Amino acid sequence: MTEISSHEQIWTLMNGALATRALALVAELRVAEALADGPRPVAEVAEEVGASPDALHRLLRALASEGVFAERDPGVFANTDASELLRSDSAWGDFAHLFGGVWYRTMGELDATGGPSFMRALGTDFWSWLAAHPDERAAFDRSMQQGMEPRVERLAALDWREGETVVDVGGGNGSTLALLLRLRPELRGIVFDLPETVRDEEALGERIEFVEGSFFERVPEGDAYILSGILHDWNDEQAAAILRTIHTAAPPDARLLIVDGVVESGNEPDGTKWLDLLMLALLDGRERDEPQWRELLAAGGFEPIDIRDGLIQAVPA
């Protein structure tokens, strides 16, 4: 592996803001869809998507230098495996829209004083903003599906009893639970989330029920509870309150399954550490290391059984 100089290292990191915005623009313009049938002149694509030919050429040229799109001939661009991920049927396209849109504005207000910068940038908190913008709420829920399959496969590989009811707390549009039940048809499920969640209840099928409510107030009774990418959205006090709500509803033999990251020590590349900064900017949430997870679970009334990056298992204490 070729080592880069310290100058290149800093330059690459500083370029991140430009790359984030560029990815959002081409995702929102649906450039990857326009190139789905093969290479096309940039002027032709620009006319189709409603962009300036010069600006689009410069965006695609920069992204192609990083392997997102490819310039086959001068002014003629094609998709790559990476740019294909930006198509509208991929959660990555929604992620690009969020990262380069409202999250981009938020990260621009991030400082070292602590507390979420979303309020400074948008004048309201993130969840209220989503509730007031249904299209953005739908994009957010779709983006949460990114990388869902391996996470659900880890859940499906656990031991399950026939007829268990699984409650997906903050389950969004229900896609995680729907996939789990396709892999484990002996289960039944409840998706529990706020009423403004964008969902297709018919697609959930007969074995999944959607229940409206706030996980700070109550959750349905079940045999197992899934928290998939939920607790990192909240600070320790709020996250513990969510766990206590679940503890109140959970039978003594229930299981808690937390699909979330565990921050590793050391200096190796770790996307969770960057995601931690996004949580700081957006929500006053945080990513947690193993000792922090153990402390949080204890505060919520749970005993950890297994803590691994991507899946934490616990039972009522």
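The values are calculated or read from the model by the stated rules, or taken from the named source; none is laboratory data. Since this is a predicted model, take the numbers as computed values, not measurements. Cβ atoms come from the backbone with ideal geometry, glycine included; neighbour counts cover every protein chain shown.
Worth a mention:
- Subset of the stretch 35-62 (residues that are free of Cβ contacts under 8 Å to residues at least 12 places away in the same chain and in contact with a Phe, Trp or Tyr (Cβ under 9 Å, 6 or more places away or on another chain)): Arg61
- Selection from the stretch 235-256 of residues that are crowded, with 20+ Cβ neighbours inside 10 Å and either over 18 Å from Phe216 (Cβ atoms) or basic (Lys, Arg) (or both): Ala254, Arg255
- Taken over the stretch 63-83, the criterion of being over 27 Å from Leu13 (Cβ atoms) and either basic (Lys, Arg) or free of Cβ contacts under 8 Å to residues at least 40 places away in the same chain (or both) is satisfied by Arg72, Asp73, Pro74, Gly75, Val76.
- Residue match in the stretch 111-118 (condition: outside the structural domain of Leu275 (by TED's automatic domain parsing), within 23 Å of Pro195 (Cα to Cα) and of a type outside the set (Ser, Thr, Tyr)): yes
Residue-by-condition table, conditions (1) among the aromatic types (Phe, Trp, Tyr); (2) under 30 Å from Glu149 (Cβ atoms); (3) touching a helix residue (DSSP H, G or I) at 6+ places or on another chain (Cβ under 7 Å):
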{"position": "His7", "(1), (2), (3)": "no, no, no"}
{"position": "Val42", "(1), (2), (3)": "no, no, yes"}
{"position": "Gly75", "(1), (2), (3)": "no, no, yes"}
{"position": "His97", "(1), (2), (3)": "no, yes, yes"}
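- Residue that is nearest to the chain's Cα centre (by Cα), among those in the stretch 1-53 that are among the charged types (D, E, K, R) and closer than 17 Å to Ser65 by Cβ: Arg21
- Residue among Leu122, Leu85 that is in contact with a Phe, Trp or Tyr (Cβ under 7 Å, 6 or more places away or on another chain) and closer than 30 Å to Ala36 by Cβ: Leu85
- Single residue of the stretch 94-126 satisfying the filter (of a type in the set (A, V, I, L, M, F, W, C) and free of Cβ contacts under 8 Å to residues at least 40 places away in the same chain) that is surrounded by the fewest Cβ atoms within 10 Å (Cβ to Cβ): Ala112
- Elements of type helices (runs of 4 or more DSSP H) contained in the stretch 23-73, each with 2 or more residues being among the β-branched types (Val, Ile, Thr): 42-49
- When residues of the stretch 82-93 are limited to those that are modelled with pLDDT under 95 and part of a helix (DSSP H, G or I), the one surrounded by the fewest Cβ atoms within 10 Å (Cβ to Cβ): Ala91
- Pair list, Cβ under 7 Å, 6 or more apart: the stretch 156-185 residue in the same structural domain as Arg207 (by TED's automatic domain parsing) and buried (at least 24 other Cβ atoms within 10 Å of the Cβ), other residue among the hydroxyl-bearing types (Ser, Thr, Tyr) and assigned to a helix (DSSP H, G or I): Asp168/Thr176
- Of everything listed in (1) in contact with a strand residue (DSSP E or B) (Cβ under 7 Å, 6 or more places away or on another chain); (2) over 22 Å from Gln145 (Cβ atoms); (3) touching a residue at least 60 places away in the same chain (Cβ under 8 Å); (4) surrounded by fewer than 20 Cβ atoms within 10 Å (Cβ to Cβ), the single unmet condition for Glu290 is (3).
- Cβ-Cβ contacts under 6 Å between residues 6 or more apart (or on different chains), taken from a first residue in the stretch 205-226 that is farther than 15 Å from Ile246 by Cα and not assigned by TED's automatic domain parsing to the domain that holds Ile312 to a second residue that is among the β-branched types (Val, Ile, Thr) and at pLDDT 95 or above, are absent.
- Looking at Val198, Val211, just one residue is surrounded by fewer than 21 Cβ atoms within 10 Å (Cβ to Cβ) and closer than 27 Å to Arg105 by Cα, and that residue is Val198.
- Residues located in the stretch 63-73, provided they are surrounded by fewer than 20 Cβ atoms within 10 Å (Cβ to Cβ) and either outside the structural domain of Glu33 (by TED's automatic domain parsing) or in contact with a helix residue (DSSP H, G or I) (Cβ under 6 Å, 6 or more places away or on another chain) (or both): Gly67, Ala70, Glu71
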